Each structure stands twice: as C-alpha cells, then as structure tokens.
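Derivation of every value follows stated rules applied to the coordinates shown; laboratory data play no part. Please read all numbers here as calculations on a predicted model, not as lab measurements. FYI the Cβ positions are ideal-geometry reconstructions off the backbone, even for glycines, and counts take in every protein chain you see.
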Amino acid sequence: MERRPMIRHLQRELDKLKKQVLSLGAMVEDRVHKVSRVIEKRDLFEAGRIIKLDYEVDEKEVEIEEECLKVLALHQPVAVDLRFLIAVIKINNDLERIADETVNIAQRVTSIAKQSNASDFSHDYTPMTEKVAAMLRMSLDALVNLDADVAFKVCLMDDDVDTFHHDAYDDIKSAMKENPADIRHLLNLFLISRHLERIGDHATNIAEEVIYMIEGEIVRHADY
C-alpha cells in the first residue's frame with residue numbers, strides 16, 4: 001500500500017519538472033526572437049537587456065538541475081521515468097546554452113554598432129534566424145506532445161542551418177578580400193552566423209533527447 005502513494009508522488013514531481021523546463025524553454029525562445037530583431041534592427045537597447053538579464057536563465061537552469069538531482073536521490077526512478085529525468089537534465093543544459101548564444105550575438109551586434117568607420121557591408125540573417133527559431137519551437141512542441149516525428153523533423157532541419165552558415169562564410173570571406181581594413185567588422189558578422197548555427201545545434205540536441213525520452217534510442221550522431 002505504501003508504494004502506490006510513492007509512485008503518485010514521483011509522478012507529481014515529474015509533472016512539475018516538465019512544467020519548469022517548458023517555462024525555461026518559453027523564456028529562451030523569447031530571447032531567440034528578440035535577438036533576431038537585434039540583428040535586423042541593430043537595437044542596442046534590446047541587446048543590452050538580453051545581456052543584462054542572462055542571469056534569469058542561469059538561475060532557472062540551476063533550479064531545474066537541483067530538482068532533477070533531488071528526484072533521482074529520493075525516488076531512484078527506473079525505465080521511462082529515469083529516461084525522462086536524464087533527458088530533462090540535458091535539455092535544461094541545452095536551453096541555457098541557447099540563451100548564452102543570444103548573449104554572444106547581442107555582444108557582437110553591440111561591437112559592430114561601435115565601429116564607426118566600418119563599411120556598409122552586411123549579411124541578411126533573416127532566413128537563418130527564422131530557421132533556428134522554428135527548430136527551437138518545434139523541439140519544445142515535440143517535448144510537450146511527446147512527438148518523435150516532429151523531433152526527427154527538427155534533426156533534418158539542421159542541414160539547412162549548416163548551409164546558411166556556409167553561405168555566410170563564403171559571403172563574408174569575399175568581403176574580407178575586398179575590404180581587408182574592415183576585418184574586425186566582418187569577423188563580428190561571421191561570428192553572428194556561428195552563434196546562430198550553434199543555436200540550431202542545441203535545438204537539434206533537444207529534439208534528440210525527446211526521441212530518447214520517447215523511444216529509448218540514442219540517435220546522436222545518427223545519419224537521419
């Protein structure tokens with residue numbers, strides 16, 4: 001008779017954890033949308049806010065990790081419940097890293113804005129920002145609905161982000177040859193692409209963890 005209340009208590013703890021990680025996901029998704037506007041509009045005020053408020057994500061990430069460790073210690077879950085906790089710990093970390101990348105982008109845009117003598121060269125990141133934002137949204141939807149098919153779609157979308165990154169590299173490399181004096185400005189533009197590509201990688205990681213949670217299969221490094 002004692003085991004049944006313990007199982008119910010564990011389920012409540014797992015449900016609470018899922019709500020917490022989805023709350024963090026919404027917070028991080030909002031930052032991705034905001035940094036997309038920062039890139040497009042060179043909005044230094046919003047860039048400053050993204051940098052200044054990064055501590056909010058950090059605190060929530062630590063809180064979720066501590067909660068996961070507490071559940072592991074108190075309940076010693078197995079099978080599906082254990083997979084869920086392992087996945088949440090990893091997803092939690094990937095969300096925090098995505099937020100870090102938005103901070104990196106905000107810093108790059110701020111640096112670009114301070115370079116008064118830089119050329120007018122720019123690169124259109126709109127398709128890339130839209131793609132990584134969609135990947136993050138879909139990976140979180142897959143988590144909410146425990147939908148492995150959506151998670152697999154996210155994994156396939158990562159190739160598109162890699163293509164955008166390579167295109168940016170080629171575009172900016174050509175500009176560097178033509179305008180060697182603007183190397184600092186152009187390097188910051190390239191690093192924005194690199195940070196966006198990393199957001200896509202972390203969104204893919206989240207999707208892979210959702211697949212692991214649902215199917216018990218590790219698909220990392222798989223050829224989709």
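What the table shows:
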{"quantity": "Theoretical gain in end-to-end length, His9 to Leu74 [0.36 nm per residue, Cα-Cα removed]", "calculated": "22.3 nm"}
{"quantity": "Order by protection proxy (mean Cβ within 10 Å, highest first), peptides 122-133, 98-109", "calculated": "98-109, 122-133"}
{"quantity": "Relative contact order [Cα under 8 Å, 6+ residues apart], the stretch 151-224, whole percent", "calculated": "45 percent"}
{"quantity": "Nearest-20 debye value, the chain charge dipole, Cβ charges on Lys, Arg, Asp, Glu", "calculated": "620 debye"}
{"quantity": "Whole-angstrom gap from the stretch 169-202 to the stretch 17-42, using each part's C-alpha centre", "calculated": "23 Å"}
{"quantity": "Residue with peak Gaussian network fluctuation, the chain [Cα springs, cutoff 10 Å], from Ile39, Ile91, Ile214", "calculated": "Ile214"}
{"quantity": "Estimated 222 nm signal from helices in the chain, with DSSP H stretches of n ≥ 4 weighted -39500 (n - 2.57), rounded to 500", "calculated": "-30000 deg cm²/dmol"}
{"quantity": "Gained length - Glu56 relative to Lys90, 0.36 nm times residue gap less alpha-carbon distance", "calculated": "10.4 nm"}
{"quantity": "Relative contact order (%) - criterion: Cα under 8 Å, at least six apart; region: the stretch 1-142", "calculated": "39 percent"}
{"quantity": "Cα lying deepest toward the dipole's positive end in the stretch 60-136, options Ala87, Ile105, Ala73, charges on Cβ", "calculated": "Ile105"}
{"quantity": "Inter-label distance for Leu22 and Leu156, nm, one decimal - labels placed 7 Å from Cα along Cα-to-Cβ", "calculated": "2.6 nm"}
{"quantity": "Label-point separation, Asp147 to Glu46 (7 Å along Cα→Cβ), nm", "calculated": "2.7 nm"}
{"quantity": "Span-like helix ranges in the chain, DSSP H, alpha carbon extent 15 angstrom or more, Kyte mean at least -1.0", "calculated": "3-41, 54-75, 79-113, 126-145, 148-178, 183-215"}
{"quantity": "Among Gly25, Gly200, Gly48: highest mean-square fluctuation, GNM of the chain, C-alpha pairs under 10 Å", "calculated": "Gly48"}
